[in-house]
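The values are calculated or read from the model by the stated rules, or taken from the named source; none is laboratory data. From a predicted model like this one, the values you see are computed outputs, not experimental measurements. Every residue, glycine as well, gets a Cβ built from its backbone with ideal geometry; the counts of neighbours run over all protein chains shown. Accessible surface is based on the protein model in full, side chains and every heavy atom, while ligands, DNA and RNA are left aside. Shrake-Rupley method; radii C 1.70, N 1.55, O 1.52, S 1.80 Å.
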Amino acid sequence: MTASVITASSLALGHVVYLRQEGECCRWLSDIQAATLFGDNDLEAAMVSAAAAVAANEIVDPYAIAVDVRGGRIEPLSLRERIRAHGPTVAGDSAPAPRSAA
Amino acid sequence: MPEIVAINGAKPGTDWLFAEDDEVVAPDRPAVFSLSRWLEAGGRGDAGLLRGVRLDPADDPALLTGRLDGVAMVALHFPDLNEGRPYSQARFLRAELGFGGEIRARGAVLADQLLFMARCGFDVFELAPGVDRQVALSALSAFDIAYQPALAAGNGDTLYNRLRAGRGA
Amino acid sequence: MYRYDEFDHRLLSQRIGQFRDQVARRLSGQLDEDAFRPLRLRNGVYLQLNAYMLRVNIPYGLLSSRQLRRLADIAERYDRGYGHFSTRQNIQFNWPRLVDIPDMLAELAEVEMHAMQSSGNCIRNITADHLAGIAADEVADPRPYCEIIRQWSTLHPEFSFLPRKFKIAVSGAARDRAAVHVHDIGIRIRRNEAGEIGFHILVGGGLGRTPVIGKTLREFLPEADLLSYLEAVLRVYNRYGRRDNKYKARIKILVNDLGIGAFAALVEEEWQRLRHSALRLGPADIERMKAHFPRPDYLPPVNDTSEYEALRRDDPAFDRWAENAVFSHRQPGYGIVMVSLKRSGRPTGDMRADEMRALARLAEEYGFGEIRVTHRQNLVLPDVPLHRLPSLWRELTALDLAMPNHGLLSDIIACPGMDYCALATARSIPVAQAIAERFDDLDYLHDIGDLSLNISGCINSCAHHNVANIGILGVDKRGQEVYQITLGGSSGDDAAIGKRIGPALPAEDVPAAIEGIVEAFLAEREGDERFIDTYRRVGDQPFKERVYA
Ligand code: SF4
């Protein structure tokens, strides 16, 4: 199944974050697995929540990305977004720990 | 009315009319004309009338050479905050044409550019909507030294010259 | 090295205070992102793919051991324990938090370092030959002039909102090691027949989507006129450079549109007005600046070099390193040691905090506490007594910093690419790693000889792929990373733009393609020819045949 999640960067920290909608309440979390999945019909409303978080100086540059959901796991379709979700792919010991583990 | 900040003793009290090119202006109304209208009209102001000229970033300030008699102010326009040409225009007006009147910044005039503007010769700032006057004033005093010889309004500031007399460059 | 006086410290601390206030206003919402972005960029702060990134200047590539230790501390305290050396004598931290950056800048200021103008549409870090002051082929030391330019350009009120970024490089040697031909302004120090110092000024070089080799703007600019002339060039650019299209905004486009003659005439007119202004440099100004860069107290050469000679005879690994990584110093009895940051299995140009500290110690024990940063993402220990090379080599080997691949195929320049960079269209570091893995046989690398291979992750060309002998550009083709290969580029005195040899290849085919190119070269090579010379002699046909067979 493909769907969308909304991602952004946290203003104060710069970390990659994803929108999790809990009723009226919005949270911005770094684990993509915690993100709320949106379809065509509710994406627009979610972008309104994201714009509110921009106005509230929580996040920067929100946008929707396409994801694949398989076996309950959310995986972005584009390489760029997979890198944002999991961290750099480079080998070597100066590579940081993967984000999901951080 | 935009919030106005003035430095170096500039007195921006006048209620200027920024006239359109085809706008009829009463002779005694303090008015600011576009460069082309000013030049077409002969580039001279009549004694006793308050006149200003406004330049767009692409305008060549050298066209005002010998055409600043009777000009009390020149307004330079910032269409957005990344616009860099008015800095050079202001410096040219001060350093090359010896213009001693008011140089006013208009448009996207945000607090953090003011010091650069002041050091190029601007002395009046029409703050963009939403810019806090206190923030603007404190931004203007963020630095009290500079590496370059810069122009304060009206006089060739010699801060740099004094400093370099005792230091590297 | 240049030491800050009270004035420099005060200016920098005021700058940090200003940025601290700007960050606070951003966090409180007084500034929105559009207003904040140009402000943070002028302090080296990007918002990248994974996090903020802080780019710190290493002016003209000069670093003290104390500064390197501080970079290590900052990497550990505020980042993930490592830094990345870029191609313009900067170090980048990939994971800082915005709220911490003012503190990071304050800690850098204590060791006389800063991030001012390391990004944004202003005059960037002034770069220079990494062998300044020590090279045997030097006409004059470029560092005093670089520092004069650094100060003039720092927070320049008129040139802080240029049409686009502006990069200046200075070389004082017979051979160009500062890539002056691909900078907005390239400066080469010369002496005229009367023995006076002057500058050959190049303008309009640059890479990106329209790669251009710089053109001569002035053959010989008198020393006293350096700043007034630069100011004239910048003023013409600020006024006439295009602002409507970011891809046409660099000075190279203006120079091309006007023609170098008409551009030079505009500069000349401006310069005549400025030439006798306060910007004129007096002999005392220059002497004062030169005094900041004295020759170190070199010791007389040690005559007993038996250990060195014995080791070269007996240990092929040492012999190879001494041959490849040690360069002749203008001071008898000393050598210049290249420290490669192209290690197998490690990202190009990356260095961990513990390695920085170790190298800082070696710089003190084997030199005068100084380190240089090259534009090929390597480091240099500039003043090593020859008789101490064997023990330095052992120490560097233990640190995995004695890789003798200077100037060889595995000395790859790679930009951060899509692993870090928000503008990237493809990854670069993993491709560099795959190629380095394929070419890990040092004998083979040395047989191949001089060869530059650069990889950029997008057309911005930060890795200068278009002036590499073998250039690789990562592009996106319908969601797939593919790589275009160019051949024949060169960045030195014979600067040339590489030519594409054919359609782009998927990442997994790139190492084999490079292997094919190298095999074609070895088959066509005459005698000890360098790759670039063979290419120039035979053209690209033999290479195409191998890659696209
Ligand atoms: S070349 Fe492109 S991908 Fe690489 S660092 Fe520069 S902007 Fe980023």
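Across segment C:285-308, which residue is farthest from residue C:1 (Cα to Cα) among those that are open to solvent by 60 Å² or more (accessible area, probe 1.4 Å) and among the hydrophobic types (A, V, I, L, M, F, W, C)?
Result: C:302.
Please count how many residues of segment A:3-43 are away from chain C (no Cβ under 14 Å), touching a Leu at 6+ places or on another chain (Cβ under 9 Å) and either not hydroxyl-bearing (Ser, Thr, Tyr) or not in a loop (DSSP other than H, G, I, E, B) (or both).
Of the residues in that region, 12 qualify.
Within segment C:266-291, can you find the residues that are assigned to a loop (DSSP other than H, G, I, E, B) and either in contact with a helix residue (DSSP H, G or I) (Cβ under 6 Å, 6 or more places away or on another chain) or within 11 Å of chain B (Cβ to nearest Cβ) (or both)?
C:275, C:277, C:278, C:279, C:280, C:281, C:282, C:291
From C:97, C:150, which residue is crowded, with 21+ Cβ neighbours inside 10 Å and among the basic types (Lys, Arg)?
Matching residue, one of C:97, C:150: C:150.
Report, by residue number, each residue of segment C:20-36 that is more than 17 Å from residue C:101 (Cβ to Cβ), more than 9 Å from chain A (Cβ to nearest Cβ) and assigned to a loop (DSSP other than H, G, I, E, B).
Within segment C:20-36, C:30 is the sole residue that qualifies.
Checking the condition within 14 Å of another protein chain (Cβ to nearest Cβ), away from the ligand (no atom under 16 Å from the Cβ) and part of a loop (DSSP other than H, G, I, E, B), which residue from C:450, C:440, C:411 passes?
None of the other options fit; the residue is C:440.
Could you grab me the full set of residues in segment A:29-63 that are surrounded by 15 or more Cβ atoms within 10 Å (Cβ to Cβ) and farther than 21 Å from residue A:2 by Cα?
A:49, A:53, A:54, A:57, A:58, A:59, A:60, listed by residue number.
If you check A:73, A:84, which single one turns out to be at pLDDT 95 or above and open to solvent by 60 Å² or more (accessible area, probe 1.4 Å)?
A:73
Tell me whether segment C:62-84 contains one or more residues that are within 23 Å of residue A:7 (Cα to Cα) and of a type in the set (Asp, Glu).
Checked against the condition, which is being within 23 Å of residue A:7 (Cα to Cα) and of a type in the set (Asp, Glu), segment C:62-84 yields at least one hit.
Looking only at residues in segment C:192-209 that are assigned to a loop (DSSP other than H, G, I, E, B) and within 17 Å of residue C:468 (Cβ to Cβ), which one is most open to solvent (accessible area, probe 1.4 Å)?
Here the answer is C:209.
Does segment C:57-67 contain any residue that is surrounded by 23 or more Cβ atoms within 10 Å (Cβ to Cβ), more than 14 Å from chain A (Cβ to nearest Cβ) and in a loop (DSSP other than H, G, I, E, B)?
Yes, that holds for at least one residue.
Is there a residue being away from chain A (no Cβ under 12 Å) and over 21 Å from the mean Cα position of the chain (by Cα) anywhere in segment C:87-99?
Among the residues of segment C:87-99, not one is away from chain A (no Cβ under 12 Å) and over 21 Å from the mean Cα position of the chain (by Cα), which makes the answer no.
Table: residues versus (1) within 14 Å of chain C (Cβ to nearest Cβ); (2) farther than 23 Å from residue C:43 by Cβ; (3) among the acidic types (Asp, Glu).
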position	(1), (2), (3)
B:57	yes, yes, no
B:73	no, yes, no
B:81	yes, no, no
B:141	yes, no, no
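Condition check: of a type outside the set (Lys, Arg), over 14 Å from residue C:474 (Cβ atoms) and within 16 Å of the ligand (Cβ to nearest atom). Does residue C:422 satisfy that?
Answer is yes for this residue.
Is there a residue being at pLDDT below 95, under 30 Å from residue A:82 (Cα atoms) and open to solvent by 30 Å² or more (accessible area, probe 1.4 Å) anywhere in segment C:480-502?
Checked against the condition, which is being at pLDDT below 95, under 30 Å from residue A:82 (Cα atoms) and open to solvent by 30 Å² or more (accessible area, probe 1.4 Å), segment C:480-502 yields at least one hit.
If you check C:357, C:320, which single one turns out to be open to solvent by 10 Å² or more (accessible area, probe 1.4 Å), closer than 18 Å to residue C:406 by Cβ and of a type in the set (Lys, Arg)?
C:320
Only one of C:384, C:380 is touching a residue at least 60 places away in the same chain (Cβ under 8 Å), more than 16 Å from the ligand (Cβ to nearest atom), aliphatic (A, V, I, L, M) and open to solvent by less than 10 Å² (accessible area, probe 1.4 Å). Can you tell me which?
Every option except C:380 fails the conditions.
Taking the residues in segment C:326-347 that are open to solvent by less than 10 Å² (accessible area, probe 1.4 Å) and of a type in the set (Val, Ile, Thr) as candidates, determine which candidate is farthest from the other protein chains (Cβ to nearest Cβ).
Top of the filtered list is C:336.
From (1) modelled with pLDDT of 95 or more; (2) within 29 Å of residue C:280 (Cβ to Cβ), pick out the condition that doesn't hold for residue B:124.
(2)
For residue A:68, indicate whether it is open to solvent by less than 60 Å² (accessible area, probe 1.4 Å), at pLDDT 95 or above and within 14 Å of chain C (Cβ to nearest Cβ).
yes
Please specify each residue of segment C:207-246 satisfying the condition of being within 20 Å of residue C:88 (Cβ to Cβ) and touching a Ser or Thr at 6+ places or on another chain (Cβ under 9 Å).
Matches in segment C:207-246: C:207, C:208, C:209, C:211, C:230, C:234.
Pick out, from segment B:53-153, the helices (runs of 4 or more DSSP H) lying fully within it that include 2 or more residues that are hydrophobic (A, V, I, L, M, F, W, C) and under 20 Å from residue C:40 (Cα atoms).
Answer list for segment B:53-153: B:114-120, B:133-140.
Just to be sure I understand the filter: pairs with C-beta atoms under 9 Å, separated by 6 or more residues or on different chains, first member in segment C:24-51 and of a type in the set (Phe, Trp, Tyr), second member assigned to a loop (DSSP other than H, G, I, E, B) and open to solvent by 10 Å² or more (accessible area, probe 1.4 Å). Which pairs pass?
C:46/C:421; C:46/C:422
Please pick out the residue among C:522, C:505, C:453 that is among the hydrophobic types (A, V, I, L, M, F, W, C), on the phi < 0 side of the Ramachandran plot and open to solvent by 30 Å² or more (accessible area, probe 1.4 Å).
Result: C:522 is the single residue among C:522, C:505, C:453 that is among the hydrophobic types (A, V, I, L, M, F, W, C), on the phi < 0 side of the Ramachandran plot and open to solvent by 30 Å² or more (accessible area, probe 1.4 Å).
If residue C:244 meets every condition in (1) of a type outside the set (Val, Ile, Thr); (2) in contact with a Lys or Arg (Cβ under 7 Å, 6 or more places away or on another chain); (3) within 12 Å of chain B (Cβ to nearest Cβ) apart from one, which number is that one?
Only one criterion in (1) of a type outside the set (Val, Ile, Thr); (2) in contact with a Lys or Arg (Cβ under 7 Å, 6 or more places away or on another chain); (3) within 12 Å of chain B (Cβ to nearest Cβ) is unmet by residue C:244, namely (2).
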